[in-house]
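Any read-out appearing in this document is the output of simple, stated calculations on the displayed coordinates, not a laboratory observation. Every value quoted in this text rests on a predicted model; they were computed, and no experiment measured them. Positions of Cβ are generated from backbone atoms using ideal geometry, with glycine treated the same way; all protein chains shown enter the neighbour counts.
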Amino acid sequence: YALREFVDVNSNHDLAGNAQFWYGETFRIRQLYQDAATAYLDGYQKYPNSSKAPVNLLKLGVMLVQIGEKTQGCSMILGIKDQYPNANQSVIQKAEYEKKKFNCDKKLDIERIRKNMQMYRSTPSRDNTCEFQVWMNKSPS
């Protein structure tokens, strides 16, 4: 957990967002999707301007789909191009691929996606657990 320690000790470092992303990857490759989602969420919330921010958001969306939160996950996947219009083309292409793979509804209201992404970004995770109730038609507790 050297990546976690690096982020905790150096949260303002230029590479903290990258380290947070790779921390999430350590869970994803072990198919610990809930933990990966938590790590990607932390990266999305704490480092929205990191070079890894667009792929962090993409992986968060994919993990949400993997744990059964398809609507929320698809809203993240569909929102990448709007949220990060200057993202690396490979991330945009991967988002398009995941959208098709998961059969995400193209008709999701983009304003609803923006609102939910903003609400999700501004709602910090507590005690390192995912708080997915703030999505779509669900209200935070």
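Look at the alpha carbon pairs under 8 Å that are at least 6 residues apart: their mean separation over the length of the range 4-92 gives a relative contact order of 21 percent.
Within the range 1-93, the trypsin sites (Lys or Arg not before Pro) that combine a DSSP coil assignment with at most 16 other C-beta atoms in a 10 angstrom radius are R30.
The phi-based Karplus calculation (6.51 cos²θ - 1.76 cosθ + 1.60; θ = phi - 60°) puts the 3J(HN,Hα) values of the range 85-99 at x, 9, 5, 3, 4, 5, 6, 4, 5, 5, 4, 4, 4, 5, 4 Hz, whole numbers, x for Gly and Pro.
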